[in-house]
Amino acid sequence: MWTPAAVRTLLLPLCFLTAATSAYSSGPPDTACGLMIPGHGGSNSQPFNPYSLTVSKSTYSPSETITVTINAPGDKPFKGFMLQARDVNGTDFVGTFQALPGTKF
C-alpha cells in the first residue's frame, strides 16, 4: 500500500518535468495572423528551409478549389505551420482552408 509520503515523493518530481503550454481554442490571436509571426517564441527555419509547399494551381477563380500540400523530410518533422491566401496585392486575406479526410495534423 502506498503511503501519502511515498506518493508525494513520486509525484512531485513529475510536476517539474511537465512543460507549460498556451493554446488558443478559437485559433491564434489576430496579431499572429496579420504579421505571420507565431507567438510561441520558437525560431524559424531560415536560412535553410527543408520543407516544401506545393499547390495544385497557380491561379484562382471564385469557387475553385486549390490543394495545398506541405511536405517534410522524414528526419525533419515540424510542429506546426501558418498559411494564408492573400490577394495579388498581398494585403487582403482571401478564401478559406479545409482539412481533407485523412489529413495528418
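Each value in this text was obtained by applying a stated rule to the coordinates, not by laboratory testing. Just so it is clear, the structure is predicted and the values come from calculations on it, not from any experiment. All Cβ positions, glycine included, derive from the backbone under ideal geometry; neighbour counts span all protein chains shown.
Before moving on, here are some points about what is shown:
- Average Cα contact separation per residue, the range 45-96, under 8 Å, 6 or more apart, as relative contact order %: 26 percent
- Per-residue Karplus couplings for the range 67-79, computed as 6.51 cos²θ - 1.76 cosθ + 1.60 with θ equal to phi - 60°, are listed in order as 8, 10, 10, 10, 10, 10, x, x, 8, 10, x, 10, 8 Hz, Gly and Pro entered as x.
- Inter-label distance for Val88 and Ser58, nm, one decimal - labels placed 7 Å from Cα along Cα-to-Cβ: 1.4 nm
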